[in-house]
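First comes the structure, then the notes that go with it.
The values are calculated or read from the model by the stated rules, or taken from the named source; none is laboratory data. The structure displayed is predicted, hence computed values, not measured ones. Note that we place each Cβ from the backbone using ideal geometry, even for glycine, and neighbour counts take in every protein chain shown. Protein only, heavy atoms only, side chains kept; ligands, DNA and RNA dropped before computing areas. Shrake-Rupley method; radii C 1.70, N 1.55, O 1.52, S 1.80 Å.
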Amino acid sequence: MVRAVVRAARGLARDFGEVEQLQWSVKGPADFVSAADRRAEQILVQDLHRARPDFSILTEEGGLREGRFPEHRFIIDPLDGTTNYLHAMPHWAISVALEQHGEVTAGCIYDPVRNELFAADKGNGAYMNDQRIRVSRTAELDRALVGCGLPVRDWKGRKSFPGQYERVADQVAGLRRMGAASLDLAYVACGRLDAYWEYGIKPWDYAAGMLLVREAGGKAARLEGDDRPWEEGTVMAANAALGDAFRDLLAVG
Ligand code: IPD
């Protein structure tokens, strides 16, 4: 997984250099970026399929390709933070998870701009560039830095978000909307953020990140109350000290 992610990142990083130039063109970089996204997905699918030909593969762009062993499935987002990438904002990542029998057993998130590779495999802890990472120890909400998503246009979370926002914003030290859910979760895992939540995100945005948070000693859950890494869900993550209080704060109302 790590090898595939690093190989796919090379092309995306090269194309990211072009995107900056395209900001001034009339047509803008949209077509160029979706082609870059598709190329990265192709590399990931090709490499992972070669390594495990019988596993299923679920990708953001291509949907589900059933393998002979459907209970083993790679979940891939070739470019998380597409809107950032499109606007030449250097905050995006590739995210790949392996789900086996309904449980995520390995995950890898790579930010090529900062050369930060986050990886976890179930029961063996979480790592950034081979260094063990752990969630923060911030125990009071009024000292916590919290990541989130923000509703735009027809976003379904528009109804639940304002209440959650008010309750959280009233209590915490700071809120951030950074634009790449996989990195938000990786940042909770390594203690840069103390907590994070977002309404209605897709499995490829959160599957690897939730495992990272758990393996780093934090709490990560779908607010739907179950643990189905293959469905859209509202995801919360927090360090161990804040986990329950933060979850209660989101669930009220
Ligand atoms: C998006 C990012 C963003 C989140 C959106 C996702 P994409 O993923 O993770 O932070 O707010 O809900 O769709 O579309 O760039 O892969």
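Odds and ends about this structure:
- For Gly149: the one exception among (1) within 12 Å of the chain's Cα centre (by Cα); (2) at pLDDT 95 or above: (2)
- Every test in (1) surrounded by 12 or more Cβ atoms within 10 Å (Cβ to Cβ); (2) not in a loop (DSSP other than H, G, I, E, B) is passed by Gly28 save one, and that test is (2).
- The requirement of being out of contact with any helix residue (DSSP H, G or I) (no Cβ under 9 Å at 6 or more places or on another chain), touching a residue at least 60 places away in the same chain (Cβ under 8 Å), under 22 Å from Arg192 (Cα atoms) and among the charged types (D, E, K, R) is fulfilled somewhere in segment 125-137, by at least one residue.
- Single residue of segment 191-226 satisfying the filter (within 16 Å of Cys148 (Cα to Cα) and assigned to a loop (DSSP other than H, G, I, E, B)) that is nearest to the ligand (Cβ to nearest atom): Lys202
- Single residue of Ala139, Ala120 found to be within 21 Å of Gly243 (Cα to Cα), outside any strand (DSSP E or B) and more than 16 Å from the ligand (Cβ to nearest atom): Ala139
- Members of segment 14-51 that are at negative phi, at pLDDT below 95 and among the small types (Gly, Ala, Ser): Gly17, Ser25, Ala30, Ser34, Ala35, Ala36
- If the condition is being farther than 19 Å from Met178 by Cα, surrounded by fewer than 23 Cβ atoms within 10 Å (Cβ to Cβ) and of a type in the set (A, V, I, L, M, F, W, C), then segment 102-120 contributes only Ala106.
- Residue within segment 171-186 that is open to solvent by 70 Å² or more (accessible area, probe 1.4 Å), without any contact (Cβ under 8 Å) to a residue 40 or more places away in the chain and not aliphatic (A, V, I, L, M) present: yes
- Look at segment 149-162: where a residue is more than 19 Å from Arg247 (Cβ to Cβ) and within 12 Å of the ligand (Cβ to nearest atom) and a partner is of a type in the set (Gly, Ala, Ser) and not in a loop (DSSP other than H, G, I, E, B), sitting 6+ places away or on another chain with Cβ atoms under 6 Å, you get Pro151/Gly157; Lys156/Gly200.
- The condition of being in contact (Cβ under 8 Å) with a residue 60 or more places away in the chain and within 21 Å of the chain's Cα centre (by Cα) holds for only one of His87, His72, that being His87.
- Residues in segment 169-187 that are under 20 Å from the mean Cα position of the chain (by Cα) and assigned to a loop (DSSP other than H, G, I, E, B): 4 in all.
- Against the test of being open to solvent by 70 Å² or more (accessible area, probe 1.4 Å) and out of contact with any Leu (no Cβ under 7 Å at 6 or more places or on another chain), the options Arg214, Arg247 yield a single qualifying residue, Arg214.
- Residue match in segment 245-253 (condition: at pLDDT 90 or above and of a type in the set (D, E, K, R)): yes
- Selection of strands (runs of 3 or more DSSP E) fully inside segment 54-101 by the criterion of at least 2 residues being open to solvent by less than 60 Å² (accessible area, probe 1.4 Å), within 16 Å of the ligand (Cβ to nearest atom) and small (Gly, Ala, Ser) returns 93-100.
- Subset of segment 101-117 (residues that are touching a Phe, Trp or Tyr at 6+ places or on another chain (Cβ under 9 Å), within 20 Å of Glu60 (Cα to Cα) and at pLDDT 95 or above): Gly107, Cys108, Ile109, Tyr110, Asp111, Pro112
- Residue in segment 180-188 that is within 16 Å of the ligand (Cβ to nearest atom) and either at pLDDT below 95 or in contact with a Pro (Cβ under 6 Å, 6 or more places away or on another chain) (or both) present: no
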